[in-house]
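Notes for the one structure printed next.
Just so you know, all these numbers are worked out from the coordinates, no wet-lab data involved. Treat the numbers as computed from the prediction; the structure is a model and nothing was measured. So basically every Cβ, Gly included, is an ideal-geometry build from the backbone, and we count neighbours across all protein chains shown.
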Amino acid sequence: MTAAARPLAEAATLVERVLARHRERTVTELLRHIPEQSPPYLYELAADYPARPCKGLRSALCLATCAAFGGDSGRALNPAVTVELFHNGFLIHDDIQDGSELRRGAPTLSAEHGVEVALNVGNATNLLGLRRLMANRHELGGELAWRLFEETELMCRQSLEGQALEIAWIRDNACDLVPADYYRMCLKKTSWYTFLYPCRSGLLVAEGANTDAARLDRFGWYLGAAFQIQDDVLNLIGTEADYGKEIAGDLWEGKRTLLLIHLLERCTPAERARVVRYLSRTRAQRGPGAAEDVRWLLDRMAAYDCVESAQQAAAGLVAAAEREITEVLAAAPDPVEPSEEAAEAREFLLALPDFVVARGR
């Protein structure tokens, strides 16, 4: 059954089931490798974010991609743990940079323990990821371990460059951005570490160090951009209970989302001047009185259909992602030993695009 033929509710159930199973596998293995002996406020806090309720999307993608292309997902478990560790390290640092107060429905590490502790824990989490990369040499062999190391370096470089773009836009009060700028940031930040890196890692484990790991890149790029747009939309119209983060936090932080870019393109000159003036100040400089400005921004985005146009853009990206994964899977050789896990993994990849824009968190 193809993704198009499977009812949406059934497809969503399948995705949730696979996510839950792989998340449990990955988190159990991840926590097993966190040192028990720890200086104060270090390794025990590195276990905090991974243990909180979450989708576990990135590690699941690594495991499912491996299985879908004929590999043993057990061999991809350590790479999946690596993916999850780097993801959580990035989250800790993102929360510091953004001044975020909530993560997965609970206070961020920086809000609860202070920036100094959170920064060190984020570094320790990335260190634990490096240790898992080193372990690949014994479990997967030197050649494949080196390829996975190269993939990790590429992912980190792309993600840091994407984060630098986002920080620079806020710092320099960039107000003349176009959607192409936003999509470039999505590719470098969200797409690389949320989709391309997990897919490429899983494919390498399945097919070996000499495989073409870029075969899923367009799928990952389209899906990453759609995922980021949906995240931006949920930040405005979601509920804190479902979303797990501060509603309208992107507006408080001045993030240049596709919705904000659309607003700046469509509003009147007087409205644009007010938006630019608001964005020129930091959150601390605006003070609590900025709540009125945030409400006004939300009202103007509604008036100019910014949410609807962003959702339309995400729908187009989802359609492109569905075409890509269908073509790649159709061209892939059938597994030497067909299994229920491989068949389910392929259905998971086919159903994932719709899930990305239907999710509530």
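In terms of packing, defined here as the mean over residues of other Cβ atoms within 10 angstrom, the peptides 98-111, 330-343 line up highest first as 98-111, 330-343.
Any idea what the relative contact order of the chain is, in percent, if you count C-alpha pairs under 8 Å spaced at least 6 apart?
On the way: 492 pairs, mean separation 79.9, N = 361.
So the answer I get is 22 percent.
What is the chain by shape, rounded, prolate or oblate, if you read a ≥ b ≥ c off the alpha carbon gyration tensor as root eigenvalues and call it rounded for a/c under 1.5, prolate for a/b larger than b/c, and oblate otherwise? Oblate is the answer for the chain, as a/c is 1.5 or above yet b/c matches or exceeds a/b.
Rg and Dmax of the stretch 1-137, based on Cα coordinates, read 16.4, 54 Å.
Taking a Cβ cut-off of under 11 Å around I261, the surrounding Lys, Arg, Asp and Glu residues balance to a net charge of -1, with basic ones at +1 and acidic ones at -1.
How large, in Å, is the stretch 209-361 by the Kirkwood hydrodynamic radius built from its alpha-carbon pairs? The partial results should precede the final answer.
Numbers: mean 1/r = 0.0562 Å⁻¹.
By the Kirkwood definition, the hydrodynamic radius is 17.8 Å.
Once the Kirkwood radius over Cα pairs is known for the stretch 138-294, the Stokes-Einstein relation at 20 °C and 1.002 mPa s delivers a diffusion coefficient of 122 µm²/s. In this entry, the stretch 187-275 is assigned a mean projected area of 7.5 nm², taken as a quarter of its C-alpha convex hull surface. When each of the peptides 258-268, 346-356, 36-46 is scored by the mean number of other C-beta atoms lying within 10 Å of its residues, the order from highest to lowest reads 346-356, 258-268, 36-46.
How high is the relative contact order of the stretch 67-190? Use alpha-carbon pairs under 8 Å, at least six apart in sequence, and give a whole percent. Computed value for the stretch 67-190: 22 percent relative contact order. What's the center-to-center distance, using Cα atoms, between the stretch 321-340 and the stretch 170-194 in Å? With the stretch 321-340 and the stretch 170-194 each reduced to a Cα centre, they are spaced 31 Å.
Report relative contact order for the stretch 8-88 in percent, whole number only (criteria: Cα-Cα under 8 Å, sequence separation at least 6). Spell out each step's value before the answer.
Numbers: 65 pairs, mean separation 28.4, N = 81.
This gives 35 percent for the stretch 8-88.
Which whole-Hz ³J(HN,Hα) couplings does the stretch 334-348 yield from phi under the Karplus relation 6.51 cos²θ - 1.76 cosθ + 1.60, θ = phi - 60°, glycine and proline marked x? Ordered by residue, 3J(HN,Hα) equals 5, x, 4, 10, x, 9, 5, 5, 5, 5, 5, 5, 5, 5, 4 Hz. Using a cut-off of 10 Å between beta-carbons, work out the net charge of the residues near A213 (Lys and Arg +1, Asp and Glu -1, A213 not included). So the environment of A213 carries a net charge of -2. Listed peptides 179-186, 71-78 appear in the order 71-78, 179-186 once ranked by packing, highest mean of other Cβ atoms within 10 Å at the front.
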